[in-house]
1. Looking at the square roots a ≥ b ≥ c of the eigenvalues of the Cα gyration tensor of the range 575-660, which shape do they give, rounded for a/c under 1.5, prolate if a/b is larger than b/c, or oblate?
2. Give the cross-link partners of K596 among the lysines, using a straight C-alpha distance below 20 Å as the criterion and excluding same-chain residues fewer than 8 apart.
3. Where a Cα-Cα gap under 30 Å defines reach, which lysines qualify for K360, not counting those fewer than 8 residues away within the same chain?
4. Amide H to amide H under 5 Å from L442: which residues, 5+ apart in sequence or cross-chain, H placed 1.01 Å off N in plane?
5. In what order do T349, T546, T102 fall by count of nearby beta-carbon atoms within 10 Å, going from fewest to most?
6. Nearest 10 degrees, 0 to 90: what angle lies between the long axis of helix 486-496 and the longest principal axis of the chain (Cα atoms)?
7. Based on other C-beta atoms within 10 Å, arrange C378, C535 from fewest to most.
8. Is the shape of the range 60-394 best called rounded, prolate or oblate, per the rule: a/c under 1.5 gives rounded, else a/b larger than b/c gives prolate, else oblate, with a ≥ b ≥ c the square roots of the Cα gyration tensor eigenvalues?
Amino acid sequence: MIFLSLFSLPVQDPVLVFAIILLVILFSPLLFNRLGIPGILGLILSGVLLGPHDLGVLERDESVILFSTIGLLYIMFLAGLEMDMDDFKENKNKSIVFGVLTFIVPLILGWLGSYYVLGYPPLSSFLLASMFSTHTLVAYPIIGRLGITQHKTVTLILGGTILTDSAVLIILAVITNLQKPDLSPLFWVQFVASLGLFLFLILWGVPRLSRWFFRIFEADSNSQYLFVLAVVFLAGFLAHVAGAEPIIGAFLAGLALNQLIPKASPLMHRTEFVGNTLFIPFFLISVGMLVDVRVLLEGPEALFVAAVIIVISFLGKWIAAFLTQKIYRLSSSERNLIWGMSSAHAAATIAVVLIGYNIKLLDERALNGTIILILVSCLVSSIVAEKAGRQLALAEADKVPESTEAEERILIAVDNLEHLKRLLDFSMLIKNPRSDEPLLPLVVVSDHHAPENQIKLHQKKVTGVIAEVTEQSEQIRPVYRVDLNVGNGIIRAVRELRITEIVMAWNGKISARERFLGSILNRVVNHAAVQTLFCKFCYPLNTMKTIIVVAPRNSEREAGFPYWVNTILQLAKGAGASIRVLGDLHTLQTLEAYVKNQDRYTVAISYELFENWDNFTSLATQMTKNDLLTVVLGRPHTVSYRPEFNIIPRYLSRYFEEVSYVLLYPEQKD
């Protein structure tokens, strides 16, 4: 009897429930992908089939609701975390216009349809109409797999989503409170004040707290991930306390951490992996469990109400996408992506209708029609978004890369394994995403003392560091050389491996035994014509806020000018930092003109005159822990070389001890 009770329906045993859901997450996308259907549809339809309204295998109990809520918050968090903030700042007006359109158009159509077609009273019609303005980013995982989360159209959609959902949820809070008989003006004062305090805590407090935490616990990746999770759910809770919905808090938490978690970092990979593997699929299954297909069998009136709701929903969102396309001259694929991603209704939609149903403003017809809308809209949204997203991804892939991008090969010369982790982190930030070449950490061992044993020892240590930096080991391919000294080994590897860029560490001491700047640096600079960067990092790179670039006169005339500028831009974009360029007038004008033509880089840049290199040490007083000083130095006998460059390393060693900096020698043509 005990054995039979374990398999009675609905399944009650929590271990078996979890096992069933995991099997659905595993096999459902595989099956539907083979049929040419987006995998997330399999998760939603599996929820419909196994849910309480169909086979009744699973109940939508508290545990399922808990994981579903986590999944929804995770979707919104990832949307904020992966948003291209520089592109958003540059194009925020587009997001605002789309947000207004995707809110107003469905709201107007929804009110007209609810009042004149379905016959609801004015206030009930307004509440039901607000439901049409919401949308849930059900198709966001598809966009993530296609690799276009930072496409300008996706950024536009994300900005519009948070705007329209916030407006709808505020409307919901207002209408709900209007039903209270003892409502006082003090409530609205408290409501606005609590929202303002919440925004301040998340957008001002979280970045500062997080920067401190990541600096203190740089080497503890587990603690960093747990900290991120805690921030997400605390932000969701604080949003609820402030009178908003938790999804708003999760999204804002993503924005607050956006510039502190580089896109290529292990923390980002871990965050995406856990969400896309477990929490988000849980949410999609729970959405399917809401649907009761039997509603369609209740008679023609139920079908009529459902049909009206579905038509209004799709029409309103399509018109908003169409108007956005025409205003900003977008392509049809971009319009379809906007419509596809904004047409899915799930979490906020059911919240609006359920609350309206509980306070007697909406009846069972609206509730049943909305449940059918959830199923249909999620299916259509997934199909349309995947098709349009694939077209945009193919268009991005077809763009012809610059020759230097396709051939970029970065050599990381490792003189001390203690520096390797930060050098790898730095190299992953400056590496052009369009280059398929792996990073090449180089370890040179002496041929005097059992080089085979030295290499074996280094291999074990290097492998451990690589595992800390990335889970995608194919991105990094260690190289080992036996030579008389480190300098000779680097120069030989540059020629043999066709290296385009060298990254090395410098400990900031010019009198140490190895005399990095006196021997190895000079040897490499004088015998390798490729771009070379000597780095000293005092603090974690993900806490960097500003890159201060000091560019000498005529550095824009160097052959490697486009390459080093692109390197700085890529570093800023990857780290979410701004750039402050110091240089003479002609250099700044040339650099500014060049940057304006680089459409793929949307980075905040300021330009300041700096011509007196004798006053170089004054920069030390301007630097903070969150800055990275980058000094562009010309090699001897080049157009940008100045005699003052010989003293710069000594200045850095003496006056910039607590400053992170990079010495950058541009590429020279042989």
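1. Numbers: a/c = 2.06, a/b = 1.25, b/c = 1.65.
Here the range 575-660 falls in the oblate category.
2. Hits, sequence-local ones excluded: K89, K92, K94, K152, K399, K573.
3. Partners within reach: K180, K317.
4. Those lying under 5 Å, H to H, from L442 are I412, A413, V414, V479.
5. Numbers: T349 25, T546 19, T102 31.
The most exposed by this proxy come first: T546, T349, T102.
6. Roughly 60 degrees, rounded to the nearest 10.
7. Working: C378 26, C535 22.
With the sparsest Cβ surroundings first, the list reads C535, C378.
8. Working: a/c = 1.63, a/b = 1.34, b/c = 1.22.
It is prolate, given that a/c is not under 1.5 and a/b is the larger ratio.
Every read-out reported here was derived from the displayed coordinates using simple, explicitly stated rules and does not represent laboratory data. Because the structure is predicted, anything quoted here is derived from the model rather than measured. Ideal geometry is used to build each Cβ from the backbone, glycine not excepted, and the neighbour counts take in all protein chains shown.
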